[in-house]
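Here's the structure, in structure tokens; my notes come after.
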Ligand SMILES: *Cc1c(COP(=O)(O)O)cnc(C)c1O
């Protein structure tokens, strides 16, 4: 029996990638202006403009993903507005309605769709079902990339959803807590999954990819960023020692470290899926596309694995499935040890 030090509970259980640690160290010299007027923040902004092939984008660094999503949605809405999002989305189920806190009155409007992806045909129906003056006015479509079920929207799927959104006069926001895994999986340019496909604001997650803290709100239409820093300040999300939020981003994006680590996490998920698939009695709920594996295990098996020290959730995702999440530091040996324990537990 193994005694795992790493497990499959979440990618935010992992530590920091070395590039981020090094960037923090490099920024830890002398004095620097506060609130973002420092050379490290300028470098990080330049890296975002390079990565997204967009010289005019604006980017703001906040402490976590819930703030990134909520403040972005607040910036796009008014109090009588609604945000269309997937029924399983993090904004819908896991943010304690922070969007409604940062934009008082804002309502989340869940829509369905297979495998965690919003069904484009559901959008006009959902909007048409809102009773004129009696219901909130739908204003934003929020997509999660990669989705909460570990699937990935391809550029043409995003473009289709964005076109429907435009026809309904909705803005398009993307919750990219696992954007790196999505880009690694889709194998295309970050721009093709965002602004070129019609996404206007992206919450780009760093934490789950191996940063300490910090998510970037990326505005592909600079006008949408107006007063966003004031919104950050008011909500306690404007770091005074900003260089320690921004410098890690430069380290993360430089030389595509973010993509290298995400590709590795995705590859570990593929290895894990193949291992689970080969265990008699175990099955995949659906094929993994990013770094999450959803599996159905025989009765009692999850409990046995938990007793052995493995950690993973059975209360996110499809009913009756467990979620096995790979991180940047998951090793092939971790995966193989888990699969071996799973095979024994399922005998
Ligand atoms: C983890 C996560 C977030 C952000 O969570 P925080 O804990 O607030 O940083 C946002 N969206 C999705 C899809 C997530 O998985």
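Observations on the model:
- Among 301, 172, the ranking by other beta carbons within 10 Å of each residue's beta carbon, starting with the fewest, stands as 301, 172.
- Cα centroid separation - the stretch 46-76 against the stretch 174-190, whole Å: 15 Å
- A crude spin-label estimate for the pair residue 344 and residue 114, with each label 7 Å from Cα along the Cβ direction, gives 3.9 nm.
- Mean projected area (nm²) of the alpha-carbon convex hull when the stretch 258-345 is viewed from all directions: 5.3 nm²
- Of 96, 85, the sequence from fewest to most neighbouring Cβ atoms within 10 angstrom is 96, 85.
- Among 312, 220, 88: highest mean-square fluctuation, GNM of the chain, C-alpha pairs under 10 Å: 312
- For the stretch 325-343, the residues whose amide N sits under 13 Å from a probe point set 7 Å from the Cα of residue 267 along the beta carbon direction are 328-333.
- Measuring nothing but how far apart in sequence close Cα pairs (under 8 Å, 6+ apart) lie, relative to its length, the stretch 18-256 scores a relative contact order of 31 percent.
- Here the stretch 213-255 is scanned for amide nitrogen atoms under 20 Å from the site 7 Å beyond the Cα of residue 29 along Cα-to-Cβ, giving 241-255.
- Cβ-Cβ FRET estimate between residue 254 and residue 80, R0 fixed at 35 Å, reported to 0.05: 0.20
- Helix-only mean residue ellipticity at 222 nm for the chain, each DSSP H run of n ≥ 4 adding -39500 (n - 2.57), per residue, nearest 500: -11000 deg cm²/dmol
- Largest GNM mean-square fluctuation across 294, 115, 101, computed for the chain with C-alpha springs under 10 Å, falls on 101.
- Residue exposure sequence - 158, 118 - by fewest surrounding Cβ within 10 Å: 158, 118
- Between 110, 33, 120, the residue with the greatest mean-square fluctuation in the GNM of the chain (Cα pairs under 10 Å linked by springs) is 33.
- Anisotropy class of the chain from Cα gyration tensor, a/c 1.5 cut: oblate
- Rough spin-label spacing in nm, given labels placed 7 Å along Cα→Cβ, for residue 167 and residue 49: 3.7 nm
- Bridges between two residues of the chain, per DSSP, are antiparallel at a rate of about 45%.
Just so you know, all these numbers are worked out from the coordinates, no wet-lab data involved. Keep in mind the model is a prediction, meaning the values are calculated, not measured. Positions of Cβ are backbone-derived with ideal geometry, glycine not excepted, and every protein chain shown enters the neighbour counts.
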